[in-house]
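> I have a structure I would like to understand better, so I am pasting it below and will then ask my questions one at a time.
The values are calculated or read from the model by the stated rules, or taken from the named source; none is laboratory data. Source: prediction; values computed, not measured. In this analysis, Cβ positions are derived from the backbone assuming ideal geometry, glycine residues included, and neighbour counts consider all displayed protein chains. Side chains are part of the model used for accessible areas, which takes the heavy atoms of the whole protein and leaves out ligands, DNA and RNA. Shrake-Rupley method; radii C 1.70, N 1.55, O 1.52, S 1.80 Å.
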Amino acid sequence: MKKKTLKYISLFLILTSSLFLLPSHAYAQKKDKETLKAEYKASPLYQGTSVGIEVAGAGGYLLGGDILSSEIIVQTNLKNRFLPVVEIGYGKTDVINDANDMHYKTSAPYFRIGMDYNVFYQKPYLPGYLYVGLRYGMSSFTYDASGPDMTDPNYGGHITVPFADLGVKSNASWLEGVVGIKVKIYKRFHMGWAVRYKMRMSVDSHENSNPWYVPGFGKNAGSSFNLTYNLIYNLPF
């Protein structure tokens, strides 16, 4: 497992532990299980909608990263247990590989749809909750791939051919497993962290090149880990 992946997971576990071990006035209001079950059954199906923005991807880009990625999240709370979600984002990169001088450029929107499950749905006294979820993601994008001139071996190495695959259209889809937390910071304002494991389903390739980066998925590999950080606002309805 890559060191960066271990770093993300360790950070997430520390943050999760801090959230649920912090002393809180709400803990004093803890009720017995039977009372909590009764209150849960009597609670309404619809319990609100939230909107959020993912800021870790944009922050990494502003600090000198090669990839910009950010998204808007809209999520509905059903019974404080099931949390259907839609994520609409934008990803871009314009980078040169130092190892082979290949230049890759793309920018496009991406979409995800899925569902989260609140593990602590019967514990409203907690200052936040832990959730697990699943996403289906997709993106339709165009990319440019170019590099140093290539030598044509059929002419004794005396003929060079420029390499530039421009305006190549591609489509990609993937699945994501998510583990995250959401915590209240002030009134209707919340923040949250999540670790995502992404599994590539399909990516269209061209006869002369393959996408290096897929908006919303990341670098084009079979799977990857990703850490997200969201700022969230619960709508007043």
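> Give me the residue from the range 200-225 that is at pLDDT 90 or above and of a type in the set (S, T, N, Q) and, out of that set, farthest from Asn171 (Cα to Cα).
Among them, the one singled out is Ser223.
> Something else about it: Return the total of residues in the range 210-223 being buried (at least 19 other Cβ atoms within 10 Å of the Cβ) and assigned to a strand (DSSP E or B).
3
> Do we have any residue at all in the range 135-143 that's in contact with a Pro (Cβ under 9 Å, 6 or more places away or on another chain), under 30 Å from Glu39 (Cβ atoms) and either open to solvent by 20 Å² or more (accessible area, probe 1.4 Å) or not polar (S, T, N, Q) (or both)?
no
> Just a yes or no: is a residue in the range 111-126 out of contact with any strand residue (DSSP E or B) (no Cβ under 8 Å at 6 or more places or on another chain), under 27 Å from Gly180 (Cα atoms) and open to solvent by 60 Å² or more (accessible area, probe 1.4 Å)?
Yes, the range 111-126 contains at least one residue that is out of contact with any strand residue (DSSP E or B) (no Cβ under 8 Å at 6 or more places or on another chain), under 27 Å from Gly180 (Cα atoms) and open to solvent by 60 Å² or more (accessible area, probe 1.4 Å).
> Under the condition of being in a strand (DSSP E or B) and farther than 10 Å from Gly128 by Cβ, which residue from the range 181-192 is least open to solvent (accessible area, probe 1.4 Å)?
Here the residue is Phe189.
> If you don't mind, another one. Identify the residue in the range 193-209 that is in contact (Cβ under 8 Å) with a residue 24 or more places away in the chain and part of a loop (DSSP other than H, G, I, E, B) and, among all such residues, is surrounded by the fewest Cβ atoms within 10 Å (Cβ to Cβ).
Once the filter is applied, the top-ranked residue is Asn208.
> Might you let me know whether the range 153-168 holds any residue that is modelled with pLDDT of 90 or more and either open to solvent by less than 30 Å² (accessible area, probe 1.4 Å) or on the phi < 0 side of the Ramachandran plot (or both)?
Among the residues of the range 153-168, at least one is modelled with pLDDT of 90 or more and either open to solvent by less than 30 Å² (accessible area, probe 1.4 Å) or on the phi < 0 side of the Ramachandran plot (or both), which makes the answer yes.
> I'd like to verify a number: residues in the range 62-105 that are open to solvent by 30 Å² or more (accessible area, probe 1.4 Å) and aromatic (Phe, Trp, Tyr), how many?
Total meeting the criteria: 2.
> Let me ask something else about it. So which strands (runs of 3 or more DSSP E) are wholly in the range 49-144 and hold at least 1 residues that are touching a residue at least 12 places away in the same chain (Cβ under 8 Å), in contact with a helix residue (DSSP H, G or I) (Cβ under 9 Å, 6 or more places away or on another chain) and under 24 Å from Ala172 (Cα atoms)?
67-78, 82-96
> Please tell me if Ala108 is open to solvent by less than 50 Å² (accessible area, probe 1.4 Å) and farther than 28 Å from Pro236 by Cα.
Yes, satisfied.
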